[in-house]
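Let me begin by presenting the structure, written as structure tokens, before commenting on it.
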Amino acid sequence: MLTNINETYNDPKKLANDYVHEVYELIKKRNPGETEFLQATREIFDSLRPVFVKNPHYIEDGILERITEPDRIITFRVAWEDDQGKVHVNRGYRVQFNSELGPYKGGIRFHPSVNLSIMKFLAFEQIFKNSLTGQPIGAGKGGSDFDPKDKSEREIMRFIQSFMTEMQKYLGPDLDVPAGDIGVGRREVGYMAGQYNRIRGGFQPGVFTGKDPNYGGSLGRREATGYGTVYFTQEMLKTNGMSFEGKKVIVSGSGNVSTYAMEKAIELGATVIACSDSSGYIYDENGINVETIKRIKEIENDRIKVYRKYHSSAKFIEGCQGIWTIPCDIVIPCATQNELDEDDATLLIRNGVKAIAEGANMPCTQEAIDLFLENDILFAPAKAANAGGVAVSAMEMSQNSMRLSWTFEEVDEKLQLVMKDIYDNCLQAAEEYGYPGNLIVGANIAGFLKVANSMVSHGIR
């Protein structure tokens, strides 16, 4: 790494550029083939150059080298038996990335695409997202390549019990507090909590978030990520003289984040004209009925194509990628990482899109983001826009610690304040460091500074 920086460098900008370049090359060498993780680190690094120009002491303290290396990575075998008595083996992960601000906090994902690169990318992004919330939480992420699709309820329960038998060794209310993510909802969190309690003995309310409110979950948690994304976007639109009123909106996905983003956007006067799942998308120029989506996904546990059974005016098109061909004003991608690429961005811009708000984690490729920025499209980055879920998870931890339960209205009011504060902090950081209006740079810098200052205070460790 760079040494004798005060003697060697007279140009702070060159020092910052060389430092960022050198650390990124080191990360590439240490993490070959980890595409998602490298994409996330590169995006953060590009934003942080002006921080190191103004604050060279971060270079001396090796902050980038330290913040990009997880505290620990846990991988383990998960053996379980299906309903026919056949034994299956999956791989489990927990990346405990950074605990400078509090216990590790981040979801558990069950999806066949899960691998170490994706776990590290999600946990790394979580550092900055959790910092932005202003809550005392660190960052982690976990999951398995287990596919819950087409599994019976008992098979899912048996898998989770096996998964949690190993995972429980590394969890605790002041150590690591997981929540749900793709493939993990209230039911799955309930199975995790049940197995944890079974092994540890007694009721442990503060070890998981996203729980059912009947046993310590927070009201408003299910809605929080989707609502929070819309609240953040509302602030962004307001700053630029716009609102959701009368706008046509596309939301990819049809899980919790998508459903409640649609619900809140409609409440604010928008018309949501399309949403999707992995099989395809539905389009209705008169507006999607969110209550029907809830019924299909939360009660019937079915595919989005059955929406036409209830609303014959809607169209179902196979293949979810085509959703980006529909002209609209606002796009909220809520499905998965890198779902919206450069070609999709080109189409959206040509069709007059005005704003993009990332509801999923890194749903837009870097090439797509660059195009949006070049064409002055308003852009709300995931680590800021979708931080509402983890913010309310931290509120759930607080309620568990106090043995209290807040009303939905109380939680929603606090969520709105958190999202407004995040937006204001991103805007201020972008302005201070020479990128006025750029919320990507602002989010990265605002999230980084709090963690970096804590790392300096705690010494080298």
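One line per residue, one yes/no per condition, for (1) closer than 25 Å to Asp145 by Cβ; (2) part of a loop (DSSP other than H, G, I, E, B):
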site	(1), (2)
Ile59	no, no
Ala79	yes, no
Arg109	yes, no
Val114	yes, yes
Phe121	yes, no
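Taking the stretch 123-134 as the range and being under 22 Å from Asn31 (Cα atoms) and outside any helix (DSSP H, G or I) as the test, no residue passes.
So which residues in the stretch 276-324 are polar (S, T, N, Q) and surrounded by fewer than 15 Cβ atoms within 10 Å (Cβ to Cβ), if there are any at all? Walk me through it before giving the result.
Taking the stretch 276-324 first, the residues polar (S, T, N, Q) are 276, 278-279, 286, 289, 292, 301, 312-313, 321.
Answer for the stretch 276-324, where residues must be polar (S, T, N, Q) and surrounded by fewer than 15 Cβ atoms within 10 Å (Cβ to Cβ): Ser278, Ser279, Asn286, Asn301, Ser312, Ser313.
Being among the hydrophobic types (A, V, I, L, M, F, W, C), within 19 Å of Glu43 (Cα to Cα) and out of contact with any Phe, Trp or Tyr (no Cβ under 6 Å at 6 or more places or on another chain) holds for only one residue in Met362, Met397, and it is Met362.
Would you tally the residues in the stretch 84-143 being under 24 Å from Ala380 (Cα atoms) and of a type in the set (Lys, Arg)? Total meeting the criteria: 5. Once the stretch 411-461 is narrowed to residues that are among the basic types (Lys, Arg) and part of a helix (DSSP H, G or I), the residue that is nearest to Lys129 (Cα to Cα) is Lys450.
Among the residues in the stretch 45-57, are any in a loop (DSSP other than H, G, I, E, B) and outside the structural domain of Met362 (by TED's automatic domain parsing)? Yes, there is a match, as at least one residue in the stretch 45-57 is in a loop (DSSP other than H, G, I, E, B) and outside the structural domain of Met362 (by TED's automatic domain parsing).
The lone criterion from (1) in a helix (DSSP H, G or I); (2) under 30 Å from Gly437 (Cα atoms); (3) not charged (D, E, K, R) left unmet by Gly190 is number (2). When residues in the stretch 162-187 are screened for being out of contact with any Gly (no Cβ under 9 Å at 6 or more places or on another chain) and either not in a helix (DSSP H, G or I) or not assigned by TED's automatic domain parsing to the domain that holds Gln135 (or both), 2 of them pass.
Between Ser218, Ser144, which is closer than 23 Å to Met419 by Cβ and surrounded by 22 or more Cβ atoms within 10 Å (Cβ to Cβ)? Among Ser218, Ser144, only Ser218 is closer than 23 Å to Met419 by Cβ and surrounded by 22 or more Cβ atoms within 10 Å (Cβ to Cβ). Could you say whether any residue in the stretch 280-296 is over 22 Å from Gly389 (Cα atoms), of a type in the set (Val, Ile, Thr) and part of a helix (DSSP H, G or I)? For the stretch 280-296, residues over 22 Å from Gly389 (Cα atoms), of a type in the set (Val, Ile, Thr) and part of a helix (DSSP H, G or I): present.
Among the residues of the stretch 278-303, those that are more than 23 Å from the chain's Cα centre (by Cα) and hydrophobic (A, V, I, L, M, F, W, C) comprise Ile282, Ile288, Ile296, Ile299. Hey, among the residues in the stretch 237-254 that are surrounded by fewer than 24 Cβ atoms within 10 Å (Cβ to Cβ), of a type outside the set (D, E, K, R) and in contact (Cβ under 8 Å) with a residue 60 or more places away in the chain, which one's farthest from Glu285 (Cα to Cα)? Within the stretch 237-254, the match that is farthest from Glu285 (Cα to Cα) is Thr239. Across the stretch 394-410, not a single residue is classified as β-branched (Val, Ile, Thr) and in a helix (DSSP H, G or I).
The values are calculated or read from the model by the stated rules, or taken from the named source; none is laboratory data. The model shown is predicted, which means the values in this text are computed figures rather than measured ones. Neighbour counts are summed over all protein chains in view; Cβ atoms, including those assigned to glycine, are modelled from backbone coordinates with ideal geometry.
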